[in-house]
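Colleague: Handing you a structure now.
Throughout, read-outs are computed from the coordinates displayed, never taken from laboratory work. Fair warning: this is a prediction, and the values are worked out from it, not measured in the lab. No Cβ is skipped: glycine too gets one built from the backbone with ideal geometry, and neighbour counts run over all protein chains shown.
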Amino acid sequence: MKPLEIAALATFLAAGAGASAADAPGKPMKMDEPMHGEMKKESMKKGDVKKAAKKKEREMKPMIEKEAAGSTKK
Amino acid sequence: MKKRTMETSLAGHSPGLVRSIERRLFLKQGLSLGALALLSGCDPTDDEGVQSLLKGMSRWNDRAQGWLFNPNKLAPEYPESAITKPFPFNAFYSEEEVTLVDGKDYKLELEGLIREKKPWTLPELYGLPQTSQITRHICVEGWSAIGKWSGVRFSDFLARVGADTSAKYIGFTCADDYYTSIDMATALHPQTLLTFRFADQVLPPKYGFPMKLRIPTKLGFKNPKHIMSMFVSNEFPGGYWEDQGYNWFSGS
Amino acid sequence: MEAAQAQWVKVHPLVVRVTHWINAFGILIMVASGWRIYNASPLFAFRIPNELTLGGWLAGALQWHFAAMWLIVINGIVYLTYGIVSGHFRRKLFPLTPGAVFRDMLRALRGQLAHEDLSVYNAAQRAAYLAIILCAIVLVLSGLAIWKPVQLQEITAIFGGYESTRVVHFLAMALLVLIVVVHVAMVILVPRTFPTMITGRARRTS
């Protein structure tokens, strides 16, 4: 195949793969992109949720464990 | 008409004075309108004092909604013909970025004030007595859609695992990093279901496989999808959107 | 000499003046934040320019809306109770006949409305103020029905369910805004009426 044909085929295959995967879930989340939907503030990024979740876990986990340990002693 | 009455009351004064009074009145009018426009045009929401006032009111609204919540009041249920097709997908990410959870390895983790903390596999959860509901999902954005969800009554599940139902909150963490929490009264409501099926099919990834907590008495964002773990606590857990400023109770 | 011996007449009672301005402030917040909430899921094929809205984003607008809700409802209850118990509504807004409303509206359009005695409303004013009160009642009820379609489902049912309640809430807002725009335009045309809503008094001019 000539380079041009290879390029055309590659483009075609890429487009095809893109189309079939357009709605298929499971693609990695693009964390730096703005959030989807209407609940967001303009400045919010998808990755903000992961960061907030980690922070929340650091705060909540010790409290929950202490609370649960206290209740079983009773 | 206006002019004539003005002149009557200001009889003896020069027409110039009358006009100047009229002008001043008009200016006053215009200024007050300008102030109104300014109030809506330049947003006072970012002001610190305003922020704390609005947050305080939101917490007051949490309490008011807690009082208003009737544990025996059922959300209206609909016939199959009323189901919205296609049911909308809504998240902070696109449909192609929906998190895929492997059902084979899946285990629901339990933490906090729960007696039996043994993790639950999907076959174990599917084996519990199941029930269905066709209810209206109402989004905080305003739109609504009717869907059919099936699963185990959440109050039954909580009783089975020995959750302390005198505690205040139940928190959820999800495979897409989302997290939220609800009040115990709502958790025990008869229509609050831990669902595994949507429209009589295994819950598809976009609607929250393997499990979504369906709460027809709360707005959509209080209905977590892809639940990986839950905990019972008296410590206020908040939630992603709630911590950003959305009302925590958000009851319907 | 008339100016020196001016006769003052009481136009608006204190309760009406205070509730009027609290209401004006509250309605402004409710409308501007409501427009932002509308934009998150527009019912019709248009959005409200964000510059005209309040809250900055959906959560901010919702915070304003559900905070000012208490202000306008409590203020509205005070105003309605006063209006009914004191006879203020009966005296000021009635009698009201369609013929008189039509006649005074035509006069208003031709700029021939009499305003000699500001303590007496003409029929067009009576109709407009009554319509504002009715709009506000529909807005509060439909708003409650949207906020609590489960706990207050009986009210939601009156409006034909959740989705049609949203339409009712929007249309009642549109009508209220229209009447307020006309109201403010009339005040600009007859500026003497403006200070009376603050001081409560007007010079008798006839």
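Colleague: Is the C-alpha gyration tensor of the protein assembly as shown telling us rounded, prolate or oblate? Criteria: a/c under 1.5 is rounded; beyond that, a/b larger than b/c is prolate, otherwise oblate.
Modeller: Values: a/c = 2.60, a/b = 2.06, b/c = 1.26.
It comes out prolate by the Cα gyration axes.
Colleague: GNM, chain C, Cα, under 10 Å: largest mean-square fluctuation among C:L62, C:L171, C:L109?
Modeller: The residue that fluctuates most here is C:L109.
Colleague: Given a cut-off of 20 Å, name the pairs among A:K46/B:K206; A:K27/A:K54; B:K55/B:K212 whose C-alpha atoms lie farther apart than that in the structure shown.
Modeller: Details: A:K46/B:K206 17 Å; A:K27/A:K54 22 Å; B:K55/B:K212 29 Å.
In this structure, A:K27/A:K54; B:K55/B:K212 lie more than 20 Å apart at Cα.
Colleague: Using only alpha carbon pairs under 8 Å that are at least six residues apart, calculate the relative contact order of chain C and give it in whole percent.
Modeller: 27 percent
Colleague: Which order do the peptides C:64-75, B:67-78 come out in when sorted by mean C-beta neighbours inside 10 angstrom, highest first? Intermediate results must be reported in sequence, preceding the final value.
Modeller: Working: C:64-75: 19.6, B:67-78: 14.2.
Ranked from most to least packed, the peptides come out as C:64-75, B:67-78.
Colleague: Straight-line reach from C:K92: which lysines have a Cα under 16 Å away, not including same-chain ones fewer than 8 places off?
Modeller: C:K10
Colleague: Continuing with the same structure: Once a ≥ b ≥ c are taken as the square roots of the eigenvalues of the Cα gyration tensor of region C:25-169, is the result rounded (a/c under 1.5), prolate (a/b larger than b/c) or oblate (a/b not larger than b/c)? The partial results should precede the final answer.
Modeller: Values: a/c = 2.04, a/b = 1.69, b/c = 1.20.
Prolate is the answer for region C:25-169, as a/c is 1.5 or above and a/b outweighs b/c.
Colleague: Please state the shape class of region B:50-244: rounded when a/c is under 1.5, otherwise prolate if a/b exceeds b/c and oblate if not, all from the C-alpha gyration tensor. Show your work: numbers first, answer last.
Modeller: Details: a/c = 1.33, a/b = 1.12, b/c = 1.19.
Cα axes put region B:50-244 in the rounded bin.
Colleague: Here's something else I'd like to know. When you look at the Cβ of every residue in A:25-38, what mean number of other chain Cβ atoms sits within 10 Å?
Modeller: That average works out to 6.
Colleague: Still on this structure: Provide the packing ranking of B:227-234, C:41-48, C:12-19, i.e. peptides ordered by the mean count of other C-beta atoms within 10 Å per residue, highest first.
Modeller: B:227-234, C:12-19, C:41-48
Colleague: Let me ask you something else. Kyte-Doolittle cut-off 0.0, length cut-off 20 Å along the helix's own axis using Cα: show which whole DSSP H helices in chain C pass.
Modeller: Span-like helices in chain C: C:14-40, C:58-85, C:123-147, C:162-189.
Colleague: Quick check: net charge around C:V9, other residues with Cβ under 9 Å of its Cβ, Lys/Arg +1 and Asp/Glu -1?
Modeller: Details: positive: C:K10, C:R201, C:R203, C:R204; negative: C:D117.
Cβ neighbours under 9 Å give a net charge of +3.
Colleague: Given the Cα-Cα distance of C:M105 and C:I198 and 0.36 nm per residue of separation, how much length would full extension add, in nm?
Modeller: 30.9 nm
Colleague: Further question on the same structure: Could you check the simple spin-label distance between C:L178 and C:Y129, using points 7 Å along Cα→Cβ, in nm with one decimal?
Modeller: 2.2 nm
Colleague: Separate question: Would you mind pulling out the separation of the Cα centroids of region C:12-31 and region C:152-206, in Å?
Modeller: Rounded to whole Å, the Cα centres lie 11 Å apart.
Colleague: For chain C, modelled as a Gaussian network with Cα springs under 10 Å, which listed residue fluctuates most, C:M30, C:M173, C:M186?
Modeller: C:M186
Colleague: Turning to a different aspect of this structure: Modelled label-to-label distance, A:D32 and C:S164, 7 Å Cα→beta-carbon offset: nm?
Modeller: 5.1 nm
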